[in-house]
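Structure first, then comments.
The values are calculated or read from the model by the stated rules, or taken from the named source; none is laboratory data. Every value quoted in this text rests on a predicted model; they were computed, and no experiment measured them. In this analysis, Cβ positions are derived from the backbone assuming ideal geometry, glycine residues included, and neighbour counts consider all displayed protein chains.
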Amino acid sequence: MMSRVSKSLLTLLLAGVVIIAHAQKTNEQSLNAAPQNLQELVSKPVIWRGTLGTEQIQLSLRPKKGEDGLDGSYFIFGQGSQILLAGEVDHDDLMMEESHDGKDVSGEWEGSFSNGVLSGTWSTLDGSISKPFVLNVEMAGNGKAIVKP
């Protein structure tokens with residue numbers, strides 16, 4: 001027969017296990033509560049990392065203040081300059097223009113968001129050069145890192 005103290009300790013131990021399991025499940029649910037589409041994701045600032053052609057890049061997007069659309073910038077790792085971006089999102093489709101000087105358009109981005117990945121094609125304004133891009137969310141809206149499975 002178990003003593004009263006042993007039964008109390010066992011009860012406390014089992015209660016602790018249940019509380020920990022519930023906390024883990026709640027945490028997993030909140031991490032998996034991904035935005036339904038790209039438009040929802042970019043309703044707050046987002047940082048993306050991935051590739052443009054063979055180069056590693058980091059791209060930042062945020063909603064424009066007081067108007068529809070997005071603005072932001074990107075840089076190529078190992079290079080110092082930031083390239084400016086402006087564009088629009090329609091559900092899961094992205095269209096952006098880039099500029100090195102803030103005046104003249106130097107390139108275009110067309111992509112779509114699927115399974116947590118933004119991918120598509122970057123091209124020069126005249127279309128003579130094009131490169132694929134693949135980007136994953138690095139930080140979103142609330143400044144918290146996105147946990148990738």
Practice task
Would you check if there is a residue in the range 76-90 being touching a His at 6+ places or on another chain (Cβ under 7 Å), surrounded by 15 or more Cβ atoms within 10 Å (Cβ to Cβ) and more than 18 Å from Glu40 (Cβ to Cβ)?
Solution key: yes
Handout entry: Filter result (touching a strand residue (DSSP E or B) at 6+ places or on another chain (Cβ under 6 Å) and assigned to a strand (DSSP E or B)) within the range 98-116
Key = Glu98, Ser99, Gly107, Glu108, Trp109, Glu110, Gly111, Ser112
Exercise for the section: Find the residue count for the range 119-136, including only residues that are at pLDDT below 95 and within 18 Å of the chain's Cα centre (by Cα). Expected result: 0
Practice task
Return the pairs, sorted by first residue and then second, in which the second residue is surrounded by fewer than 18 Cβ atoms within 10 Å (Cβ to Cβ), the first residue lies in the range 45-62 and is acidic (Asp, Glu), the beta carbons are less than 8 Å apart, and the residues are 6+ apart or on different chains.
Solution key: Glu55/Ile76; Glu55/Phe77
